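Heads up: the structure comes next, in structure tokens.
Please treat every number below as a calculation from the coordinates, not as lab data. Given the structure is predicted, the values throughout are model-derived calculations rather than measurements. Heads up, the Cβs are rebuilt from the backbone with ideal geometry, glycines too, and the neighbour counts pull from every protein chain shown.
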Amino acid sequence: MLSDRDEIFDEANGALAIGDLEAAIPLYRQTVELDDSFFDGWHALGMALMKTGELAEAIGCALKATTLEPNDLLAWTALSQMYVQNGQIAEAEAAKSNAAVLGLGGKIVK
């Protein structure tokens with residue numbers, strides 16, 4: 001069993017690259033269990049969960065990612081997409097608005 005966060009993340013990315021979400025998701029989970037502040041792990045886990053329809057958990061992961069990196073454009077865009085898929089239009093618009101601010105060179109948190 002791998003214990004290094006980055007090695008596990010690489011393995012998860014490999015599984016994702018060949019379309020094996022069922023293998024990638026537990027590996028991404030393991031990365032954030034090892035390091036709760038691992039933005040890339042939270043973001044990737046959220047995206048993989050969104051692709052499998054696990055929207056509530058995906059949104060939770062995306063919220064964690066935006067908390068860790070509030071000025072990351074892709075994190076806000078992903079969160080907006082998750083909210084749309086979950087029928088949460090007002091929340092999706094708010095996340096999209098944050099992404100738009102970042103896209104124009106602004107900051108959410110200075």
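GNM on the chain, C-alpha springs below 10 Å: top fluctuator among Gly46, Gly19, Gly60?
Gly19
If neighbour count is taken as other Cβ atoms inside 10 Å, put Lys107, Lys51 in order from fewest to most.
By the 10 Å Cβ count, ascending, the order reads Lys107, Lys51.
Based only on other Cβ atoms within 10 Å, what is the fewest-to-most ordering of Ser80, Ser37?
Lowest count first: Ser37, Ser80.
If I build a Gaussian network model for the chain, linking alpha-carbon pairs within less than 10 angstrom, which residue out of Ala58, Ala78, Ala15 has the largest mean-square fluctuation?
Ala15
So which lysines pass the test for Lys110, namely a Cα distance under 28 Å, with those fewer than 8 places away in the same chain ruled out?
Lys64, Lys96
Among the GluC sites (Glu not before Pro) within region 5-110, which fall in a DSSP loop and have no more than 11 other Cβ atoms within 10 Å of their own Cβ? Numbers along the way, then the final one.
Values: sites: Glu7, Glu11, Glu22, Glu33, Glu54, Glu57, Glu91, Glu93; in loops: Glu54.
Taking region 5-110 and a limit of 11 other Cβ atoms within 10 Å, no loop GluC sites (Glu not before Pro) are found.
³J(HN,Hα) across region 67-77 via Karplus (A = 6.51, B = -1.76, C = 1.60, θ = phi - 60°), whole Hz, x for Gly/Pro?
For region 67-77, the Karplus-derived couplings read 6, 6, 9, x, 9, 9, 4, 5, 5, 5, 5 Hz, x marking Gly and Pro.
I need two numbers for region 1-74: Rg to one decimal and Dmax as a whole number, Cα atoms only, in Å.
Cα only, region 1-74: 11.4, 34 Å (Rg, Dmax).
Among Thr31, Thr77, which comes first, then next, by fewest other beta-carbon atoms within 10 Å?
By the 10 Å Cβ count, ascending, the order reads Thr77, Thr31.
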